[in-house]
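All remarks here apply to the structure that follows.
The values are calculated or read from the model by the stated rules, or taken from the named source; none is laboratory data. Predicted model, so just to flag it, every value in this text is computed and none were measured. We place every Cβ from the backbone using ideal geometry, glycine too, and count neighbours over all the protein chains shown.
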Amino acid sequence: MSDYWIKQKRYWLAKIKKLKGSPSSVATGIACGVAVSFTPFVGAHLFLAMLSAWVMRGNVVAAALGTALGNPWTFPFIWISVLYTGRKMLGAGYEGIADVDFATLFSEAFKAVVNMNFDAFWSDIWPILYPMIVGCVPYVLIAWWLSYILIKNILEKRRKLLKSED
């Protein structure tokens, strides 16, 4: 692992460890942020993560940190994966997945919604967005569960270590 990634890991773990709340609350928040990063609702990830953390009584700030999983380096892999999975779940073919321009898709989706041009939305955007919504469900569930368990275990071990030092 390169020095850059080791430093990033340490940086994010230090941020997570400083958050207020129980290990369960912080883990719930992080899990909500991580899970929402797998949805195709670009531009709404922060709001959705914080809302879901609030509803689940998790740490809202931790949810915001969790959304960092979705970033310019990971989004292309996430989007292709959820589109592929969604098409598989819906029994559709895979042709054209590599040709999808996600930046244009999300830009056009935003324009269509803002301008209330729902004809363009349903004809051009929905045929790609719908399989992504369906396909993100298993990723959201798995990402939430894995990140919750991982973060909760890290924070509980840290608490036990700090108590034993006292």
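What the table shows:
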{"item": "Unmet criterion (only one of (1) among the hydrophobic types (A, V, I, L, M, F, W, C); (2) closer than 27 Å to Lys18 by Cβ; (3) more than 19 Å from the chain's Cα centre (by Cα)) for Leu65", "result": "(3)"}
{"item": "Residue tally, condition assigned to a helix (DSSP H, G or I), over 10 Å from the mean Cα position of the chain (by Cα) and touching a residue at least 60 places away in the same chain (Cβ under 8 Å), over region 7-46", "result": "8"}
{"item": "Of the criteria (1) buried (at least 21 other Cβ atoms within 10 Å of the Cβ); (2) at pLDDT 95 or above, which one Ala62 fails", "result": "(2)"}
{"item": "Hits in region 140-166 (condition: small (Gly, Ala, Ser) and either at pLDDT below 90 or surrounded by fewer than 14 Cβ atoms within 10 Å (Cβ to Cβ) (or both))", "result": "Ser164"}
{"item": "Selection count where residues are of a type in the set (S, T, N, Q), exposed (fewer than 12 other Cβ atoms within 10 Å of the Cβ) and in a helix (DSSP H, G or I), scope region 101-139", "result": "2"}
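For every residue, the table says whether it meets (1) of a type outside the set (Gly, Ala, Ser); (2) surrounded by 15 or more Cβ atoms within 10 Å (Cβ to Cβ); (3) at pLDDT below 85.
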site: Ser2; (1), (2), (3): no, no, yes
site: Trp5; (1), (2), (3): yes, no, yes
site: Lys9; (1), (2), (3): yes, no, yes
site: Leu13; (1), (2), (3): yes, no, yes
site: Thr28; (1), (2), (3): yes, yes, no
site: Thr39; (1), (2), (3): yes, yes, no
site: Leu51; (1), (2), (3): yes, yes, no
site: Val55; (1), (2), (3): yes, no, no
